[in-house]
Structure formats: structure tokens, C-alpha cells
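S.K.: I'd like to ask you about the structure that follows.
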Amino acid sequence: METRIITTKEIALAAAEIACGGLVAFPTETVYGLGADASDPVAIDKIYAAKGRPKDNPFIVHCASISDAEKAAYITEDARKLFELFSPGPLTVVLKKKPLVCAAATAGLDTVGIRIPASPAARLLIKKSGKLIAAPSANISGRVSPTSAQEVFEALDGKIAYILDGGECSVGIESVIISLAGDSPVILRPGKITRNELQQALEKDVLMKTSAGDSAPVAPGMKYTHYSPKIPTVGFTDIDKATAAAANEKDSVIIAPESLLNWEIGNFLSLGFTIDSAMRRLYSSLLLAEKEFSKIYLFVFPDGDDTDGLNNRIRKAIHSDLE
Ligand code: AMP
Ligand code: MG
């Protein structure tokens, strides 16, 4: 199959592809998604096949509005509060599912993750297709998520007909996922919207689920090994130690905040000056490093409410830690 990158001028092609049971990669403000009609199990199966994704890992259902969301899930009072405050935006709320969403899209769960993306192209695609769009990130399962149309092309060329180009993603890491389907709110995956912001909005405690188990990783990289670059990726907190280690390896690259970099020595990719820019640049830096180098030294940020989402992805990318 020929894979074409198209712009929003040709969005009708992408919408028709979704409406007739095909797959389209599309931009959101977090990362690019690989979407299909959320009500069509045959279309949903094509996503699992294209990504090589385990069938027990559900997709997020993307909606254009809160009234769209009401077709897919039972919206609680707390969910409405969060959607009104943070949507459209990088927020996914897990709620009891309605029958419109097929079982394949939620891996058989009776809950569904609902998101209203801020990207205008994403919401236009949902509206024009007349469907709700189930989508995981548009990467091969276990690999780094794409934040540009070109990165999607490199991952999925030949597997899908269209990649809708909406430019580079402004947030850069996947949405926060908060479950409101249980007795109390739980963050299943941290993101740009922080635990404190969610607690303030809900005026109640929000728990943080840190991994499949329930204890926090003792050191970066100890528990997580997915979202991983193809080349060895070493986590560090001390720039002097990383610079010394990398100095002996001319094919290695240090990925770190701009303020830590000494451009005179070694190879560097900058994450910029702020937490927001680090989120925006993390995945594209990892994908670029994979192509041009053979080893990555990746900075682990100090833990904090604002770095939970960023550090979660960084720890998943890391294979080992610098001694
Ligand atoms: P991705 O962003 O590609 O990793 O895919 C969506 C993520 O949302 C996965 O990590 C899922 O485990 C999570 N997710 C989607 N629906 C649910 C749900 N109903 N309950 C818990 N997690 C979910
Ligand atoms: Mg993903």
C-alpha cells in the first residue's frame, strides 16, 4: 500500500478512509495517533496489526466535543468538571463505556478512555468522518511515539493509506490518563496536566499509579523498558559524569536541557530551557539520536509535580543508569 502524507486541504480523503473502515494517522497536540472508527471491530483489528500491539492494550477514543463523549461513555460530574477545565487538551478520562464503542477498542474492558484533542485537524477529522476515532500512538508497539508526520511515515510507511500532516505536536508526550471509573480518582499515566492541577480541579485527592506493580521505581530505568530507542540509552543526573563517559565514545550523544550543555565537548541534542520544551522535544530527539548515533545519555529531571509526565517517559526510554 502506498502511504501518502496529506495536508488538511485533503482532509476529506482521510475522513472517507475512517468512515469506510480504514486507518489514518492524524496529528494531535500530544503525539500523532493511528485512528479508526471506534465502533468497528474490523477496523480496530487493523490498528493492532499495523502496530504489532498486544491485544490486551486498549485504545483511547477521541471525540470532538463533550456531547460526542456522551455517546461513548457515561460522563460523571467529576468528568464533566475536568473536560470543562482542560478540554480540548491533553487529558484522557477513563469512564464506564457505552455500547457504541466496540469491545475490541477497549480490549474487552467495560471502561473507555475519552479524550477531546486540542488539535483542530484532529477534531475536524472526527467531525468530517462522522465517527468517534479510537487511536493509540502512531508508532510500532514498544517504540518511541512520533511527533511529526515524517516520523509517522518512517514508522508506518506501506501500512496505512494516509498520514494527515498537522505540523509538529505542541505538547510532545502522551495525555495524562485519569480513571474516574473506580471509587476514587487515579492517574494511570502522568502527562503535562499535573496531579496538583487535577486535585485542585476535583477538590479531592488523586492517587498516582506508578507502574503495573504499585511501588515506585527505586532508580530511573529499573522497572520500565518500553517507549525505547533502538540504541543503548543510559540515564544520568550528573552532567559532568555524563560528559566524561561520552567523551570516550565518539558515536554517543547527550540529550539534556540547554542550560547543562557545553557545546565545545562532544555531541549534544538540546531539550531547550523549560519543562514544556523538554516534553515537546524529547521524542524527536530520541528518534533523531537513533538515526545518527549509537548510544544515548539521557538526562533525568529532578522529581516534582511538573516533571512527573516527562520523567515517566524518560525512565521508560532508559535501559540502564550511569553509575
Ligand atoms: P497509547 O497512548 O498508544 O499507549 O495508548 C493508549 C493508552 O491508554 C494505553 O496505555 C492504555 O493502556 C490506556 N487506556 C486506554 N483505555 C483505557 C482504559 N479503559 N482503562 C485503562 N487504561 C486505558
Ligand atoms: Mg503509545
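Rule-based calculations on the coordinates, nothing more; no lab input. Model, not experiment: these values are computed from the prediction. With ideal geometry, Cβ positions are generated from the backbone for all residues, glycine too; neighbour counts draw on all protein chains shown.
S.K.: To make sure I understand the rule: partners must be lysines, Cα under 28 Å from the Cα of LYS127, and not fewer than 8 residues away in the same chain. Which ones qualify?
M.R.: LYS9, LYS46, LYS51, LYS55, LYS71, LYS81, LYS96, LYS97, LYS98, LYS159, LYS192
S.K.: Among CYS63, CYS20, which comes first, then next, by fewest other beta-carbon atoms within 10 Å?
M.R.: So the residues, fewest neighbours to most, are CYS20, CYS63.
S.K.: Under unit Cβ charges (Lys, Arg +1; Asp, Glu -1), what dipole magnitude, rounded to 20 debye, does region 39-142 have relative to its Cα centre?
M.R.: 260 debye
S.K.: Expressed as a rounded percentage, what relative contact order does region 26-149 have, with Cα pairs under 8 Å and six or more residues apart?
M.R.: 43 percent
S.K.: Regarding region 1-136, what whole-number volume in Å³ per residue does the convex hull of its Cα atoms give?
M.R.: 94 Å³
S.K.: Given the options THR147, ALA107, LEU95, identify the residue whose Cα lies farthest towards the positive end of the charge dipole of region 81-163 (+1 on Cβ of Lys, Arg; -1 on Cβ of Asp, Glu).
M.R.: My answer, from the dipole projection, is LEU95.
S.K.: So, in Å, what gap is there between the alpha-carbon centers of region 115-130 and region 1-64?
M.R.: 12 Å
S.K.: Please work out, to two decimal places, the log10 of the ratio I(q)/I(0) at q = 0.08, 0.14, 0.16 Å⁻¹ from a Debye calculation in which every Cα of the chain carries one identical scatterer.
M.R.: Calculated log10 I(q)/I(0) at the listed q: -0.35, -1.07, -1.34.
S.K.: Provide MET208, MET1 in ascending order of the number of other Cβ atoms located within 10 Å of each residue's Cβ, fewest first.
M.R.: Placing the least packed residue first, the sequence is MET1, MET208.
S.K.: Please state the charge dipole magnitude for region 147-192, taken about the Cα centre, from unit charges on C-beta atoms (+1 on K and R, -1 on D and E), reported in debye and rounded to the nearest 20.
M.R.: The dipole of region 147-192 has a size of about 180 debye.
S.K.: Given H placed 1.01 Å from N in the peptide plane, which residues other than close sequence neighbours of LEU298 have an amide H under 5 Å from its amide H?
M.R.: VAL234, GLY235, PHE236, ILE255
S.K.: Among PHE59, PHE299, which comes first, second and so on when ranked by fewest other beta-carbon atoms within 10 Å?
M.R.: By the 10 Å Cβ count, ascending, the order reads PHE299, PHE59.
S.K.: Report, please, the projected area of region 274-323 averaged over directions, based on the convex hull of its C-alpha atoms, in nm².
M.R.: 3.8 nm²
S.K.: What is the spin-label model distance, in nm, from GLU264 to ASP183 if the labels are put 7 Å beyond Cα along the C-beta direction?
M.R.: Distance between label points: 6.1 nm.
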